[in-house]
């Protein structure tokens with residue numbers, strides 16, 4: 001017989017015996033809760049029991065490990081400490097039971113691929129008394145008369161999924177943890193349909209000297225119809241509840257208070273109350289010690305419910321509290337942020353922090369659109385003079401196909417701001433920063449900060465998750481840095497153009513977290529980048545704004561990125577060409593993409609595009625490097641990367657001279673070698689400084705022999721005449737020669753007109769006689785000039801030289817007879 005006694009702790013125990021189970025207990029020692037437990041255990045043991053032996057293995061599904069075979073849906077399965085080592089049961093695959101009892105050193109493990117489904121229990125679904133449970137898989141509990149999970153002096157570690165009441169009613173609490181330790185390590189807990197047969201109960205209770213730690217997700221009332229009665233989360237006695245940073249507790253659809261605390265409650269994560277459904281009582285009723293002081297602590301009360309801090313309670317806030325109560329809340333001290341979005345107020349006896357934020361506050365009461373007045377606290381769409389606070393409410397804000405404006409924007413913890421593909425958000429004139437992000441920002445449109453007036457110290461200060469996904473960001477006039485990543489993650493996958501005020505110490509600065517210029521990102525700007533938390537993960541870095549200087553205040557790795565550099569000349573870095581400065585080691589091996597707008601480089605030109613303390617490696621890919629330019633590492637000095645221009649001329653010029661003749665100016669030049677030489681354009685300099693073409697002489701293609709060329713300028717200008725040769729290749733490339741000059745007499749020049757002529761020619765600036773030569777230099781006509789005219793109508797059409805003696809020399813000019 002198996003006998004049971006109920007000690008003062010209210011738990012039923014077996015006593016020695018034989019035959020069918022019977023029970024004995026001492027009523028004088030029976031507590032009220034113990035009596036309930038006795039009744040429930042009697043009910044459970046009215047059906048078949050099977051007890052864990054573990055005689056064969058640790059496999060739940062092996063019949064020989066149980067006294068009456070593997071439990072089925074009608075069985076109460078009990079697990080106590082195993083007599084043999086390493087034979088505690090492990091559930092893999094699907095397991096079922098009506099009730100599972102883990103007691104007196106028993107240990108139950110649900111593996112990652114395991115599922116335990118408990119239903120139709122007349123007592124606790126899972127009763128853990130001085131035992132331990134580790135769930136790495138799935139635990140489903142439905143249709144139980146008392147508590148889904150009842151714990152006393154037990155240990156429960158959850159790394160998997162727990163669903164209580166999702167598909168069936170729970171008579172009392174979903175989880176009742178009394179003097180036990182419960183750790184929700186990395187799993188999720190969902191509790192619904194509790195308190196079906198009880199009043200004044202809680203969906204999840206932590207009592208006695210118990211400890212409950214949440215590092216993951218707890219959702220209470222997330223499934224319709226929510227809770228039948230009672231509170232969402234109930235903490236009492238000497239218990240301790242710790243919601244760690246990263247933990248999320250969501251409570252909705254309660255009949256009484258959302259969270260009742262009569263013990264010690266510390267929140268360093270997020271608590272959402274009323275986001276999915278109404279709360280029947282207070283959002284939080286506190287008569288114990290409530291600590292919400294961590295920088296990551298966040299409480300969002302989306303429903304119209306207050307925080308009620310009882311006279312015996314202490315409630316300290318150093319994090320963020322956002323509520324939508326029309327009534328008045330009370331806390332003890334505020335050193336953080338408290339905002340009411342629905343007309344209520346806060347009674348806070350002490351603390352220096354502001355009770356409400358100024359400016360416009362997002363409520364999202366109607367929809368997700370920025371330009372809908374009913375979505376804002378004051379029912380007004382923000383203007384360019386408004387500081388905007390985006391709170392974590394049920395509806396996230398979206399800047400759609402509009403041009404939204406603000407003085408500054410703050411995105412609170414767990415809030416989300418999305419700028420759509422056609423959306424524009426313009427921020428200008430903030431006191432501290434243009435955009436402060438503590439939640440999530442996704443930009444697929446256009447974000448403009450400080451382009452009109454300074455946004456304050458920073459264009460963007462990021463403490464959350466910021467993703468420039470497919471949009472463009474432009475920042476200017478920040479006094480400390482265009483982008484300051486205090487913590488969190490900033491990812492640029494599109495376009496960022498950053499500027500600052502002239503005296504700003506940084507372009508990009510960071511305190512922690514990570515800034516990534518992703519593979520599809522382009523970052524351009526002039527200024528200093530703190531590289532401690534910055535990485536260029538395949539993106540493009542483009543110094544300046546055509547052009548500029550980008551400085552890294554420490555080592556920088558360019559091996560997985562593209563460095564885009566523009567070269568317009570050899571002047572000053574940042575004005576004539578882009579330059580990157582690295583105050584440390586520059587690791588290369590990535591891509592160098594060059595853009596040249598340099599029309600007339602000369603041999604010896606050098607442009608220093610990277611100036612580092614030291615270089616490591618070389619660029620694996622270089623694009624856009626024109627002919628004649630070379631890339632030089634550690635030249636002219638160690639740590640420097642320069643571009644140098646050195647051209648091997650297609651024509652080797654031996655001499656180039658100019659000589660004054662009576663007929664004009666003769667140019668002579670000689671080459672010793674020619675390659676692909678089409679010929680020479682002869683250019684003469686005008687008084688304006690421009691050069692004009694005055695003739696062309698064919699070249700000799702490709703040759704290794706000396707070649708002599710000449711050209712006669714029959715119409716030189718008075719005074720100095722400057723000439724140069726524009727040597728032209730057959731492929732269109734050109735080279736310019738040196739410049740030569742000849743001074744012509746400043747006296748009166750010989751002029752004839754019309755030229756070309758058909759008959760009568762007018763002559764000015766000469767004597768009384770004229771001599772005309774054909775193109776071969778043979779005389780064809782001579783005679784007197786009558787009334788400064790001669791008749792050449794009898795000459796054949798062609799080219800002629802007309803010479804007129806003057807007092808000191810003979811002046812000649814070309815003439816064309818038509």
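The values are calculated or read from the model by the stated rules, or taken from the named source; none is laboratory data. No experiment lies behind these values; they were computed from the predicted model shown. Methodologically, a virtual Cβ is constructed for each residue, glycine included, from the backbone with ideal geometry; neighbour enumeration extends over all protein chains shown.
For the reader, a short list of remarks on this structure follows.
- Failed condition for residue 335, given (1) surrounded by 18 or more Cβ atoms within 10 Å (Cβ to Cβ); (2) in contact (Cβ under 8 Å) with a residue 24 or more places away in the chain: (1)
- Any chance residue 475 is within 15 Å of residue 408 (Cβ to Cβ), modelled with pLDDT under 95 and either crowded, with 24+ Cβ neighbours inside 10 Å or not assigned by TED's automatic domain parsing to the domain that holds residue 548 (or both): no
- If the condition is being closer than 23 Å to residue 320 by Cα, free of Cβ contacts under 8 Å to residues at least 60 places away in the same chain and part of a loop (DSSP other than H, G, I, E, B), then region 223-252 contributes 244, 245, 246, 252.
- Residue within region 497-512 that is modelled with pLDDT under 95, part of a loop (DSSP other than H, G, I, E, B) and in contact with a helix residue (DSSP H, G or I) (Cβ under 7 Å, 6 or more places away or on another chain) present: yes
- Scanning region 444-462 for residues that are within 12 Å of the chain's Cα centre (by Cα) and closer than 26 Å to residue 297 by Cα returns 460, 462.
- The single residue among 559, 542 that is surrounded by 18 or more Cβ atoms within 10 Å (Cβ to Cβ) and modelled with pLDDT under 95 turns out to be 542.
- Any chance residue 719 is within 27 Å of residue 803 (Cα to Cα), more than 56 Å from the chain's Cα centre (by Cα), at pLDDT below 90 and exposed (fewer than 14 other Cβ atoms within 10 Å of the Cβ): yes
- Annotation note: Cβ proximity below 7 Å between a residue of region 798-818 that is at positive phi and a residue that is modelled with pLDDT of 80 or more (sequence gap 6+ or interchain) occurs for 798/774; 798/817.
- Taking the criterion of being buried (at least 24 other Cβ atoms within 10 Å of the Cβ) and under 37 Å from the mean Cα position of the chain (by Cα), the residues of region 254-271 that qualify are 258, 259, 265, 267, 269, 271.
- Checking each residue in region 520-541 for being under 13 Å from the mean Cα position of the chain (by Cα) and either in contact (Cβ under 8 Å) with a residue 60 or more places away in the chain or in a loop (DSSP other than H, G, I, E, B) (or both) picks out 520, 521, 537, 539.
- Once region 645-678 is narrowed to residues that are touching a strand residue (DSSP E or B) at 6+ places or on another chain (Cβ under 8 Å) and outside any strand (DSSP E or B), the residue that is surrounded by the fewest Cβ atoms within 10 Å (Cβ to Cβ) is 662.
- Answer residue from region 343-354, given it is in contact with a strand residue (DSSP E or B) (Cβ under 6 Å, 6 or more places away or on another chain) and either surrounded by fewer than 15 Cβ atoms within 10 Å (Cβ to Cβ) or closer than 20 Å to residue 445 by Cα (or both) and is modelled with the lowest pLDDT among those: 353
- Among the candidates 731, 627, the residue that is within 30 Å of residue 588 (Cβ to Cβ), in a loop (DSSP other than H, G, I, E, B) and under 60 Å from the mean Cα position of the chain (by Cα) is uniquely 627.
- Of the residues 379, 374, the single one that is modelled with pLDDT of 75 or more and either touching a strand residue (DSSP E or B) at 6+ places or on another chain (Cβ under 6 Å) or part of a loop (DSSP other than H, G, I, E, B) (or both) is 379.
- For residue 642, the test of being loosely packed, with under 15 Cβ neighbours inside 10 Å, out of contact with any helix residue (DSSP H, G or I) (no Cβ under 8 Å at 6 or more places or on another chain), in the same structural domain as residue 575 (by TED's automatic domain parsing) and without any contact (Cβ under 8 Å) to a residue 40 or more places away in the chain is failed.
- Entirely in region 397-468, the strands (runs of 3 or more DSSP E) that have 3 or more residues that are under 22 Å from residue 363 (Cα atoms): 397-399, 403-406, 408-411, 416-419, 424-427, 433-437, 440-443
- All positions within region 599-610 that are assigned to a loop (DSSP other than H, G, I, E, B), surrounded by fewer than 19 Cβ atoms within 10 Å (Cβ to Cβ) and touching a strand residue (DSSP E or B) at 6+ places or on another chain (Cβ under 9 Å): 600, 602, 603, 604, 605
- Index of the failed condition, residue 338 passing every other in (1) in a loop (DSSP other than H, G, I, E, B); (2) at pLDDT 80 or above: (1)
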